1. How far is it, in nm, from the label point at residue A:70 to the one at residue A:7 when both lie 7 Å from their Cα along the line to the Cβ?
2. Only four residue types carry charge here, +1 at the Cβ of Lys and Arg and -1 at the Cβ of Asp and Glu. Report the dipole size of segment A:258-305 about the Cα centre in Debye, rounded to the nearest 20.
3. Apply 1/(1 + (r/R0)^6) to the Cβ-Cβ distance of residue A:540 and residue A:221, taking R0 = 41 Å, and write down the FRET efficiency to the nearest 0.05.
4. Straight distance only, please: which lysines reach the Cα of residue A:55 with their own Cα at less than 23 Å, same-chain residues fewer than 8 apart left out?
5. How high is the FRET efficiency between residue A:682 and residue A:445 when r is their beta carbon distance and R₀ equals 56 Å, given to the nearest 0.05?
6. So how much slack lies between residue B:74 and residue B:11, counting 0.36 nm per residue of separation and subtracting their Cα-Cα distance, in nm?
7. Report, largest value first, the span of the C-alpha coordinates of segment A:14-139 along each principal axis, in whole Å.
8. Pick out, from A:553, B:92, B:12, the residue whose Cα sits farthest towards the positive end of the charge dipole of the protein assembly as shown, with +1 on the Cβ of Lys and Arg and -1 on the Cβ of Asp and Glu.
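The values are calculated or read from the model by the stated rules, or taken from the named source; none is laboratory data. Remember, predicted model here, so these are calculated numbers, not experimental data. Every residue, glycine among them, receives a Cβ derived from its backbone with ideal geometry; neighbour counts consider all protein chains shown. All accessible areas refer to the heavy atoms of the entire protein, side chains included, with ligands and DNA or RNA removed. Shrake-Rupley method; radii C 1.70, N 1.55, O 1.52, S 1.80 Å.
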Amino acid sequence: MTKKDIARLETGVRNLDPLLRGGIPAGAVVIIGGPPGAGKTILAQQICFHNVSAKRRALYFGTLSEPTAKTLRYLSQFSFFDPAKRAEDGIRFVDLGTILRDKGLEEAANLVVAQLKEVKPAIVVIDSFKVFDDLARSREELRKFGYALAVHLMVWETTAFLLGEYGPEDIATNPLFSIIDGVITVKQREQAGEQQRFLQVSKMRGTDHSRDEHAFSITSNGIEIFSPRVTIQREDQRDRPEAPRLATRVSRLDELLGQGIPLGSSLLVAGVAGTGKTVMLLEYLYRGAQAGEKGIMFSFEETEARLRAAARGLGWDLDAEIERGRIEIVFIPQPNISVEEHLLMMQERVEALGARRVAIDSVSVFLHKVKDPQLAREKVFQLASIVQNAQAVGFFATDIPYGTKQISRFGVEETVVDGGILLTSKEVGYERQRYIEIYKLRNTAHFEGRHDLQIGHGGVTIYPRYQLDRGEQPPPVLTAKRLPSGIPGFDAALGGGLLERSVTLVSGSAGIGKTTLSLQFLAEGVKHGQPGLFVALEETPDQIRMLAKAWGIRLGEPRDGGVDIMYLPPQQFRTNQFLAILSDRIRSLGARRLVIDGVSQLVTHGEPPGVLMQALTILATRFKRLGVTSLLTLEASALFSTETVTERGLSPVADNLVMLRYEQIGGTLAPRLTVIKARGSTHDRSTREIIMASHGIQIGPPVASRGKRSKSKRRP
Amino acid sequence: MRGSDTELVEAFAHAFDTLLRTAEATLGAITLGAILDRVLYVSAERFPMLAVLRPEGLAVHWDDLRERTRDLGRDQLKDGIGFAMTELLTVLGNLTADVLTPELHDALATGEQQS
């Protein structure tokens, strides 16, 4: 004999049926208990109106507790109240009060049975049943009466609700509770600083029901239960293929995040106030919308209008994305936050939009009334579950308490999310430097450590810290191809020109011609269709162009494949930012030749020793990977020194080392050039004369002896 | 014909009582009494001639119906008492998830053989 599933009566009360695993068993006799005003009548009425139809009728018996007329008047305010269903072929309201008052329990019971026979209802409500307790002359009479009534209700296959002001003490002592099939209790108490209503299913035969208390509210729609513990469950992901990854498209954040963020993940964006969490979240949605990905932000501090204004101030057209329906902003004022209710609301809104990106600003404010860390952890887990089930990526802002080393408010939230982004700041002189760090991202090899971050027009700009990419070697110089340097005589000294993708360090004292030499190098590139980039760390672009003009060196215009001149004063850019800015510019120009004039300026005061070496190494590696042939000038501190490059340990950085120095001949200083190193080339190590010709520098033949000078044009 | 109508009622009464006795052991007197009350009420609603059937404890008083057979058509009688039997089996089945149904059918079959 096959087992039959018990038929269930849907309650029609939002989120109640999941607690009951589908509804109330049909034919059950259920007590709805609770103090006055807790919502018993509303609950019973809602169930009736949801189920009543021409074929399924309901009997609603009122006793002495509340006149039927008053009941009907108040219930008519709810949206579930349908006057059409209150007709004779819908819900029949029967007043038991008179017969109870005049003739007692037995006659009242007979009336109930007579109505059962006549109406044959699917649902019966007796409101209140407690009055029978009060009118029974003994517990024995009450037991017999209750049993007989329950039997008749059962025989007529009705699902019955007996309402009453029953409390926990009744469960143990009232004989009625031994014969009924279910107990639902509604109550009100203080939680997290405010009065909250709760519903609890203490008993329901044949049902593996939730036994927890669940918050609910009474709205114009009736009772709405918030049971995120039951309704927000993580879906089984085992059968899903490996989740694709999301690129944030926020500045260089994706470089830090490695392969991207797996869909279904949630990340905390943590920081003290003022570190840029809201801007980060907003830009995360905005960049996603620009790429066609829908996003939703739940904001508990800033209104939509203020967020839109902030976006306009950053130069974004967030308004357009909202109008297109790609971004939604949901603002819930802090005093109105109801955690249970809004968790379910968030779930519905995320699903309704089909959001791929979810931002919550902030989790700290959302849970500000929650004092228990474990409860906070549970709620963050539920938020993360919403994101996972939607296969979105969530960014949850969280405030870090000042002066702590925590990375979240409670110190537990990070244990239930998939990743974390930490925003910090530090005073440096009169400025405040911002930083970003990816401290966690599951299943992803992300870029560790702290990186520079700026927030300005356009939004967030991230400058990944100098770091050699793990395991990657710079591509080798192309030994088959040599580029003309543009400096007559220099190619011969190098063994035929510069190898493509090589890095050349030119060291020399001030005024010896390093800048002129480097400009000639770039101008030669322009002749061969190789755009160039000159990075000035001390002089302005105008000064550089004037120098080139004075020497007759033609640089062309960047838009025509000429030389672009960038001015990056070190005091305005940190070392970490330099590489990022430079890389972007090289790519956008398509530059093939690069000069950085005065690389020693890259290292600012206070940087640890070896930073220049590290910076140059990374620069060199990056330039080679970008396919650029580069020339870096380095100022020597002494006129006659030959040790600048080697004593600073910079020799391994470059493929070619060229030294410019003065040689004292008699009473004059004669500029000289020596190629100390030319990797992959048979170069000439002899010292050569530097000749200032009419169109720049020329390199003369090897200097045979002291005292001989050639005539040269003095530098303007 | 009148005699066969009476026999029909007797056969039905015997079967009805057999079902009640079989179910009593499992369901108890109060429940069974309520079931009987329902079945008779509904049957009388559908076939007013059955309004003469009255419960006597956990049995039915059939005498009034026997006396009325002379005024009833055979088809009407068959339909009415058939409905009542079906209603009883249906209610018993619904309330017990058909757990008792095989046992009740066996009891009916045994009763037929004995009669």
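1. Rounded to a tenth, the inter-label distance reads 3.7 nm.
2. Values: 3 positive and 5 negative charges, 35 e Å.
Computed about the Cα centre, the dipole is about 160 debye.
3. Values: r = 68 Å, r/R0 = 1.67.
Computed FRET efficiency for residue A:540 and residue A:221 comes out at 0.05.
4. List returned: A:85, A:117, A:120.
5. Working: r = 42 Å, r/R0 = 0.76.
Efficiency, from the Cβ-Cβ distance: 0.85.
6. Working: separation 63, 0.36 × 63 = 22.68 nm, distance 1.41 nm.
Once the chain is fully extended between residue B:74 and residue B:11, it gains 21.3 nm.
7. For segment A:14-139, the Cα spread along each principal axis is 40, 30, 29 Å.
8. Ranked along the dipole, the leading option is A:553.
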